[in-house]
Amino acid sequence: MEFFSLKKQYNLIKEEIDEAVSRVLDKGVFIKGEEVENFEKEMADFCNSTCAISVNSGTDALFLSLKALDIGPKDEVVTSPFTFIATAEVIANLGAKPVFVDINPETFNLDVSKVKEKINANTKAVIPVHLFGQPADMDEIMELAVDYNLSVVEDAAQAIGAEYKGKKAGSIADLGALSFFPSKNLGAFGDGGMILTNNKKLADKLRLLINHGSSPQEKYKNLILGINSRLDAVQAAILRVKLKYLDDWNKKRKEAADYYSKNLKEVGDIITPIIHSERSHVFHQYTIRTKSRDKLTGYLKEKGIPSMVYYPLALHLQPAFDYLGCKEGDFPETEKAGREVLSLPIYPELAKEEQDLIIKEIREFFKH
Ligand SMILES: *Cc1c(COP(=O)(O)O)cnc(C)c1O
């Protein structure tokens, strides 16, 4: 059994994907062009956002979002320590300081009640992460942002298609970052990412930033300092095919999650995922909690069942962030989650028989 399989998905839509790739190869336009423009339009539509700017990766989407907001040295940006390194890495790479706030143990998302105490005159922005595919408490975050004049960048890398009060994840704040890393809910055949925004000025600036600050009117005239971060046309063509299936795939993930939860919720001390009101969860990961996490992982491995821990070492305890001077005990809910979480295989093509086997073995483990 595999934790995740891209092969099964490819085989189901092979003809369409192959046709899309050949179309690009035949045409010979590999950077920018029609495929990329159409994909951006289709994504803007799907997310109900006015502007969608494709970039090289989810990491670049976050990095460039902060850069567009002029975040730099002396600035502080508040975020979660329970996320993938990229979220905080981009803050630090701009010379700004990542300021961590503990998580809500039910959703693994930022505990908004703890943000206020971290805000000072240097605080410029907040990056809520919609972890595992469940949107963070966006209303509360946007209220704080108004009160303290902060910008908000959503890290929606794991939450493409998720909704918060009828709005798509990534389309709610000033800017939203999406990732098309192959294992994400909408995955490319390589790296890719996107920035969503309803702010035309920020969008125009981002169009410059992703392309060396090159003037759209005059070739080899560079208006600002940018970088090279563009989505390949081949990836755009592939993603256009896959986007048509995304709602259906997210629905299948949710059905698989419901099935796990129904069958695991009264097993041992397992806590199945808790979804807060007025939002939908797209289950990029299906993550349970148990005090016997390490023993369960070992048992499942013996039985040939893969599982993963996202994330075993919180960001504030990463060697790369030693210089921030955080220590163990600073964020107790994050650290506790790091000891208790376990993600089980979930993807649209996961077979019912595979799921039944996983459930059976987990039940077996807790019998002893
Ligand atoms: C995947 C991911 C990213 C980075 O995306 P890449 O496309 O891999 O650069 C950022 N934040 C979170 C929460 C992610 O899961």
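The values are calculated or read from the model by the stated rules, or taken from the named source; none is laboratory data. Note that the structure is a prediction, hence the values are computed from the model and not measured. Because the Cβ atoms are built from the backbone with ideal geometry, glycine has one as well, and the counts that use them run over all protein chains shown. Accessible surface areas use protein heavy atoms only, side chains included; no ligands, DNA or RNA. Shrake-Rupley method; radii C 1.70, N 1.55, O 1.52, S 1.80 Å.
General observations
- Applying 1/(1 + (r/R0)^6) with R0 = 22 Å to the Cβ-Cβ distance of Asn199 and Ala320 gives a FRET efficiency near 0.10.
- Portion, in percent, of the accessible area of the chain that falls on carbon or sulfur, probe 1.4 Å: 51 percent
- Total formal charge among the other residues, if their Cβ is under 10 angstrom from that of Pro128, Lys/Arg +1 and Asp/Glu -1: -4
- Considering only the chain, percent of DSSP beta bridges that pair antiparallel, nearest 5: 60 percent
- Stretched out straight at 0.36 nm per residue, the stretch from Met308 to Thr50 would grow longer than its current Cα-Cα span by 89.2 nm.
- Estimated FRET transfer efficiency when R0 is 56 angstrom, pair Lys14-Lys116 (beta carbons, to 0.05): 0.65
- 3J(HN,Hα) from dihedral phi, the range 155-162, Karplus parametrisation 6.51/-1.76/1.60, rounded to Hz, x for glycine, proline: 8, 9, 3, 9, 10, 4, x, 5
- Net +/- balance of residues flanking Lys74 in space, Cβ distance below 15 Å, scoring K and R +1, D and E -1: -1
- Under 5 Å, built H, 5+ apart or other chain: amide partners of Ser214: Leu223
- The chain - mean residue ellipticity at 222 nm from DSSP helices (-39,500 (n - 2.57) per run, n ≥ 4, rounded to 500): -12000 deg cm²/dmol
- Loop-located chymotrypsin sites (Phe, Trp or Tyr not before Pro) in the range 209-289 (DSSP state not H, G, I, E or B) with no more than 10 neighbouring Cβ atoms inside 10 Å: Tyr220.
- Partner aspartates and glutamates for Lys200 [C-alpha distance under 12 Å; skip if fewer than 8 residues away on the same chain]: Asp174
- Applying 0.36 nm per residue to the separation of Lys251 and Lys327 and subtracting their alpha-carbon distance, the gain on full extension is 23.3 nm.
- In a DSSP loop and with at most 13 other Cβ atoms within 10 Å, the trypsin sites (Lys or Arg not before Pro) in the range 196-238 are Lys219, Lys221.
- The phi torsions of the range 83-98, fed into the Karplus equation with coefficients 6.51, -1.76 and 1.60 and a -60° offset, translate into couplings of 7, 6, 3, 3, 4, 8, 4, 5, 4, 5, 5, 8, x, 8, 10, x Hz, rounded to whole numbers, with Gly and Pro shown as x.
- Computed P(r) (all Cα pairs; the range 30-72; 10 Å bins; percent): 27, 46, 26, 2
- Selection of trypsin sites (Lys or Arg not before Pro), the range 1-74, meeting DSSP coil and at most 11 other Cβ within 10 Å: Lys74
- Within straight-line cross-link reach of Lys301, lysines at Cα separation under 24 Å, skipping those fewer than 8 residues along the same chain: Lys7, Lys8, Lys184, Lys262, Lys265, Lys291, Lys336, Lys352, Lys360, Lys367
- Tensor-based shape of the range 1-116 (alpha-carbon gyration tensor, a/c under 1.5 rounded, otherwise prolate or oblate): prolate
- Among residues other than Tyr164 with Cβ under 12 Å from its Cβ, the summed charge is -2 (Lys and Arg +1, Asp and Glu -1).
- Per-selection Kirkwood Rh - the chain (Cα, Å, 1 d.p.): 21.3 Å
- Full extension of the segment from Leu223 to Lys360, taken as 0.36 nm per residue of separation minus the current Cα-Cα distance, would add 43.2 nm.
- Calculated from backbone phi, Karplus (6.51, -1.76, 1.60) coupling profile of the range 355-361 in Hz, x at Gly/Pro: 4, 4, 5, 4, 4, 4, 5
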